[in-house]
Amino acid sequence: MDITRNGIDTASGPGEWFTGDVYIDAVAAPSASSRVSASAVHFTPGARTAWHTHPNGQTIYVLEGVGRCQRRGGPVEEIRPGDRVFFEPGEEHWHGASPTRFMTHIAMLQVDDEGNSATWGDHVTEGEYGAAG
Ligand code: MN
């Protein structure tokens with residue numbers, strides 16, 4: 001057992017990966033014996049990831065607020081607390097807050113052999129983001 005006390009600073013989501021203000025708290029970090037990576041991600045209203053994929057897929061679990069997510073070619077979906085979303089390995093997608101609400105989710109994945117968690121693409125445009133109720 002190894003307890004990490006609440007002393008890790010919240011990180012800002014980098015601008016090349018996110019639109020708007022996003023804050024990330026580390027939950028689990030990969031180590032020599034574990035590929036699990038988990039984060040609590042806090043999206044301010046209107047904030048969202050860029051389009052991206054995960055080598056081994058990703059599960060998100062919504063804790064608070066109202067969010068949106070979309071896979072490439074699919075509709076924009078509204079997600080709420082208690083909703084769980086699995087993105088398939090290599091499935092291009094984005095996730096974020098709704099325009100008028102914060103959204104916090106836990107994000108869980110397994111990194112690949114090189115320790116990569118995601119491959120990042122274009123930002124989600126206003127048109128793509130707003131293309132649903
Ligand atoms: Mn993702």
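The values are calculated or read from the model by the stated rules, or taken from the named source; none is laboratory data. Predicted, not measured: the structure shown is a model, and the values here were computed from it. Here the Cβ is made from the backbone with ideal geometry for all residues, glycine too, and neighbour counts use every protein chain on show. Heavy atoms of the whole protein, side chains included, go into the accessibility calculation; ligands, DNA and RNA do not. Shrake-Rupley method; radii C 1.70, N 1.55, O 1.52, S 1.80 Å.
In table form, for the structure just shown:
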quantity: In segment 88-98, the residues that are open to solvent by 10 Å² or more (accessible area, probe 1.4 Å), more than 10 Å from the ligand (Cβ to nearest atom) and either within 16 Å of Gly121 (Cα to Cα) or hydrophobic (A, V, I, L, M, F, W, C) (or both); calculated: Pro89, Gly90
quantity: Identity of the residue in segment 118-129, open to solvent by less than 50 Å² (accessible area, probe 1.4 Å) and assigned to a loop (DSSP other than H, G, I, E, B), that ends up nearest to Gly74 (Cα to Cα); calculated: Val124
quantity: Positions within segment 81-105 being farther than 19 Å from Ala38 by Cα and out of contact with any His (no Cβ under 9 Å at 6 or more places or on another chain), in sequence order; calculated: Ser98, Pro99, Thr100, Arg101
quantity: Inter-residue pairs, beta-carbon under 7 Å, first at pLDDT below 95 and in segment 108-133, second more than 14 Å from the ligand (Cβ to nearest atom), 6+ apart; calculated: Gly115/Pro30; Ala131/Val76; Ala132/Pro75; Ala132/Val76
quantity: Test: residue in segment 106-117 that is touching a His at 6+ places or on another chain (Cβ under 7 Å) and either in a strand (DSSP E or B) or surrounded by 15 or more Cβ atoms within 10 Å (Cβ to Cβ) (or both); calculated: yes
quantity: Test: residue in segment 75-87 that is within 14 Å of the ligand (Cβ to nearest atom), within 25 Å of Gly7 (Cβ to Cβ) and either out of contact with any helix residue (DSSP H, G or I) (no Cβ under 7 Å at 6 or more places or on another chain) or open to solvent by less than 10 Å² (accessible area, probe 1.4 Å) (or both); calculated: no
quantity: Hey, Arg101 assigned to a strand (DSSP E or B), away from the ligand (no atom under 11 Å from the Cβ) and among the basic types (Lys, Arg) or not; calculated: no
quantity: Number of the exception - Ala50 against (1) touching a residue at least 12 places away in the same chain (Cβ under 8 Å); (2) under 21 Å from Pro14 (Cα atoms); (3) more than 11 Å from the ligand (Cβ to nearest atom); calculated: (3)
quantity: Residue tally, condition under 16 Å from Phe102 (Cα atoms) and touching a residue at least 40 places away in the same chain (Cβ under 8 Å), over segment 53-67; calculated: 5
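Yes/no per residue for (1) assigned to a strand (DSSP E or B); (2) open to solvent by less than 20 Å² (accessible area, probe 1.4 Å); (3) at pLDDT 95 or above:
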site	(1), (2), (3)
Met1	no, no, no
Ile8	no, no, no
Glu16	no, no, yes
Ala38	yes, yes, yes
Asn56	no, no, yes
Val62	yes, yes, yes
